[in-house]
1. Principal axis extents for chain C, Cα atoms only, whole Å, descending order, please.
2. Over chain D, with the other protein chains present, what is the accessible area per residue in square angstrom, probe 1.4 angstrom?
3. Accessible area, 1.4 Å probe, largest first: how do B:T5, C:T137 sort?
4. Post the alpha-carbon centroid distance, the range D:89-144 to the range D:28-48, in whole angstrom.
5. Please compute the modelled spin-label separation between B:L132 and B:T81, points set 7 Å along Cα→Cβ, answer in nm with one decimal.
6. Among all lysine pairs in the protein assembly as shown that are eight or more places apart or on different chains, how many have alpha carbons less than 19 angstrom apart?
7. Using helices alone, I'd like the mean residue ellipticity at 222 nm for chain D: each DSSP H run of four-plus residues gives -39500 (n - 2.57), total over residue count, nearest 500.
8. Could you work out the relative contact order of chain C? I mean the mean sequence separation of Cα pairs under 8 Å and 6+ apart, divided by the number of residues, in percent.
Number of protein chains: 4
Amino acid sequence: MFKITAPDAEFEARVRLSFAEQRVMATIGASLGIVEPGAVDVVLPFRDDLTQQDGFLHAGIVAAVADSACGYAAHTLMPATARVLSIEFKLNLLAPAVGDRLEARGRVIRAGRTITVCRADVVAVIGNDEKLVATMTGTMMTVQ
Amino acid sequence: MFKITAPDAEFEARVRLSFAEQRVMATIGASLGIVEPGAVDVVLPFRDDLTQQDGFLHAGIVAAVADSACGYAAHTLMPATARVLSIEFKLNLLAPAVGDRLEARGRVIRAGRTITVCRADVVAVIGNDEKLVATMTGTMMTVQ
Amino acid sequence: MFKITAPDAEFEARVRLSFAEQRVMATIGASLGIVEPGAVDVVLPFRDDLTQQDGFLHAGIVAAVADSACGYAAHTLMPATARVLSIEFKLNLLAPAVGDRLEARGRVIRAGRTITVCRADVVAVIGNDEKLVATMTGTMMTVQ
Amino acid sequence: MFKITAPDAEFEARVRLSFAEQRVMATIGASLGIVEPGAVDVVLPFRDDLTQQDGFLHAGIVAAVADSACGYAAHTLMPATARVLSIEFKLNLLAPAVGDRLEARGRVIRAGRTITVCRADVVAVIGNDEKLVATMTGTMMTVQ
């Protein structure tokens, strides 16, 4: 569906550096998982202080990890000097976001010169099981 | 566009109680503004530890306050015993989320028995000026 | 919220010409209403052969007029040589699309150099009354 | 991800009957492809009278077949007496919708008692090749 060779050989270092600059990720305790061409995972251990009124992770927190996963998945396929900007995203909440941790799996659906469209499935991992709790479609822009 | 009489006279107390149970709101420093039938504002002072790589508030944080504003705007028009659930939302990011504080203004567009659709405009306030930085459309469900 | 002076004085002629080239609009019987800087209306008389299984206008038809209203609203604010491209839109269906006619009212929310975000409220007009039946948020791109 | 046994053994006949009642599908020349539990395809041969100003199928037409594919995919998993209602959808346009025909492949992501979330990938088929031209995420409601 898209060319999966990253144009910048240093894409992983570039993504990990930028992620480290997202101070909110440290604040909520999220970290990067895999960083591959067109694919980035963000992992978030469950924390009580990130919940909504029913004790589930708040939709905004789910959106935060899904958006970063989408944005950095897009970023892996951009030139070395490019920045990535989220234009918009849509998040469908499918099940309560509760478990040991969330994993947001950002994948590029279509990489264009200016616009890259990504999807992130967010699963809740509980022991050896996982459950799809949300899915995002996001539009990212390459900024030179 | 919708009936703006709240069916539950205690709607404001109910919303404020539920908001106080959203632990993530205390974690990020957000608080409730107005709580009126079909209209709820959420206010978030700017904090460096909620930013993305460019120093703007992360899109997930913008989504968090917009989603809570939408959800509680919907909640004001629900029966006393109902809970509110976000089914999905879409967020368009229009300008960098930076300033003294954000205000997310959730408004009901259409209140149905099961489904309520809301919009939240999110403005960044800087001194006496404000700028629209994001807009959300969200679908909320009444759960009895 | 945005600069409402059209950069191209001939914007209305340009929009009306392009709309006339959208052959699907003639096929479904839609026509242009107002064409102003940042604001375009599309009007669709009700027709039985555009309905879904319950006798209401199909959501895709609602999307068609809303998308054209959004796209041309964006187009009014673009340079004379630019083309407009829909990147994505979201449509919330609020009430059955039935009546004498639909009016899709596309309005620019934020006009940028590359990306323009629009909203279209779609109302069903019945006699002297109108009812909001759908609302779209769309992202449009300026293509030079 | 979801239970793929249809609760109503007659689901295919029920879907095909309802589709035949969507008069707009005959108007644009669309027909049903596969109808399986949680999966419905809608096929649309290319027609010049459905195009936008650049000669591609209009986004509203793409939305029409994607929405019907999503709605009927959801419908296959509903009880015999239920009706299906589109609450909202988001469509990302990834490439020009041009070719011999479109195929909109609606798939259920999560089937709930009230809310079913679907995705539809829309491909343009040209000879033996196909290309992803759009992707929809839609929220459908079961109406008893």
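The values are calculated or read from the model by the stated rules, or taken from the named source; none is laboratory data. Everything quoted here is computed from the prediction, not taken from an experiment. Every residue, glycine as well, gets a Cβ built from its backbone with ideal geometry; the counts of neighbours run over all protein chains shown. Side chains are part of the model used for accessible areas, which takes the heavy atoms of the whole protein and leaves out ligands, DNA and RNA. Shrake-Rupley method; radii C 1.70, N 1.55, O 1.52, S 1.80 Å.
1. That works out to 43, 28, 26 Å along the principal axes.
2. 37
3. Numbers: B:T5 95, C:T137 5 Å².
Greatest to least solvent exposure: B:T5, C:T137.
4. 10
5. Label at B:T81, label at B:L132, 4.1 nm between them.
6. Lysine pair count for the protein assembly as shown: 10.
7. Value at 222 nm, helices only: -7000 deg cm²/dmol.
8. 25
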